[in-house]
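Novice: So that we are looking at the same thing, I have put the structure below in structure tokens.
The values are calculated or read from the model by the stated rules, or taken from the named source; none is laboratory data. Since we're looking at a predicted model, the values are computed, not measured. Glycine also receives a Cβ, built like all others from the backbone with ideal geometry; neighbour counts cover every protein chain displayed. Accessible surface is based on the protein model in full, side chains and every heavy atom, while ligands, DNA and RNA are left aside. Shrake-Rupley method; radii C 1.70, N 1.55, O 1.52, S 1.80 Å.
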Amino acid sequence: ITTASQLGIDAESYEKLVDIFENLVLDMRPRGLVSHKQIDEILAKKEFDEKRIRAVCFSSQNLDTRLYFFTNADETWLEWVWEKGLLDQIKRPAITANSYSYRLPELQYLVRMAEKKPDIVAKIIASVPISKETLNPEVVDRFMWILSLLPIEQIKELLPKILSENWVALMSPYHRSGYEHIKVAEKIKESGDAEALLGFAKIILTPRSK
């Protein structure tokens, strides 16, 4: 434990700092519970009130409220949150592109919605520009996984985008397993769509140094 002498302050000031910190910690959990209750109410009543939702879920950098909202929102919210710009986190480049983890609740929401609203999910993916300058590897990773969950019609719609933006080359530094590629290939093969199979082959075989 850091002491007052280590911080270079007197004992009285140190005690005040400890009290402030303890009160802050004690206050955080109740506020989170209140926010969760408000989100439950919004979702249950289908309260499409942009001002209130932004205030409760998106007013700060608090990941907890965004996570709770997107974890509990069903498919009836999908098109609305997209139109209101509440999915815009997926359009932002990564802070660091050296590595990545799965942290954006917006992407987990899209994964859940892929088989429920595949047409809307495909349109959302199509609307997100992917390039070296805008790259967020977590987004491309999750998009490829979502592709494996979509019907063949939506897969075919997205193949030209994936090829032209060269997702495979952009993701090559991250040494991914490629399992989602296998899933997509298997789905296309099962559909018997030769055009889609050829389109996907072009994506996989495109030189990575493009």
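Novice: For Cα pairs less than 8 Å apart in space and 6+ apart in sequence, what is the mean separation divided by the residue count of segment 102-210, i.e. the relative contact order in percent? Present the calculation step by step, with values, prior to reporting the outcome.
Specialist: On the way: 82 pairs, mean separation 32.6, N = 109.
Relative contact order for segment 102-210 comes out at 30 percent.
Novice: Whenever you get a sec, compute what percent of the accessible area on segment 55-210 sits on carbon and sulfur atoms (1.4 Å probe).
Specialist: Working: 4300 of 8060 Å².
That fraction is 53 percent.
Novice: Counting other Cβ atoms within 10 Å of each Cβ, which chymotrypsin sites (Phe, Trp or Tyr not before Pro) in segment 52-107 have at most 14 and sit in a DSSP loop?
Specialist: Those that pass, being in a loop and sparsely packed, are Tyr102.
Novice: How much of Ser59 can a 1.4 Å solvent probe reach, expressed as accessible area in Å² and rounded to 10?
Specialist: 90
Novice: Using a ≥ b ≥ c from the Cα gyration tensor of segment 126-183 (square roots of the eigenvalues), is it rounded, prolate or oblate, where a/c under 1.5 gives rounded and otherwise the larger of a/b and b/c decides, a/b for prolate?
Specialist: oblate
Novice: Here's a follow-up. Which residues in segment 111-127 have a backbone N closer than 11 Å to a point placed 7 Å from the Cα of Ser164 along the Cα-to-Cβ line?
Specialist: Correct set: none at all.
Novice: Where in segment 115-130 is the amide nitrogen less than 12 Å from a point lying 7 Å along the Cα-to-Cβ axis of Lys183?
Specialist: Of the residues in segment 115-130, 115 have backbone N under 12 Å from the label point off Lys183.
Novice: Sticking with this structure for a sec: Rounded if a/c is under 1.5, else prolate if a/b beats b/c, else oblate: with a ≥ b ≥ c from the C-alpha gyration tensor eigenvalues square-rooted, which is segment 34-105?
Specialist: prolate
Novice: While we're on this one: What figure in square angstrom, to the nearest 10, would you give for the accessible area of Ser13 with a 1.4 Å probe?
Specialist: Approximately 50 Å² for this residue.
Novice: Classify segment 78-193 as rounded, prolate or oblate, taking a ≥ b ≥ c as the square roots of the eigenvalues of its Cα gyration tensor: rounded when a/c is under 1.5, otherwise prolate if a/b is larger than b/c and oblate if not.
Specialist: It is oblate, given that a/c is not under 1.5 and a/b is not larger than b/c.
Novice: Run the simple label-point estimate for Lys51 and Trp80 please: 7 Å along Cα→C-beta, distance reported in nm.
Specialist: Spacing of the two 7 Å Cα→Cβ label points: 1.6 nm.
Novice: Moving on to the next point. Once the whole set of protein chains is in place, how much accessible area is left on Glu180, using a 1.4 Å probe, in Å² to the nearest 10?
Specialist: 20
Novice: Same structure again: Distance from the Cα centre of segment 139-165 to that of segment 82-128, in angstrom?
Specialist: One Cα centre to the other: 12 Å.
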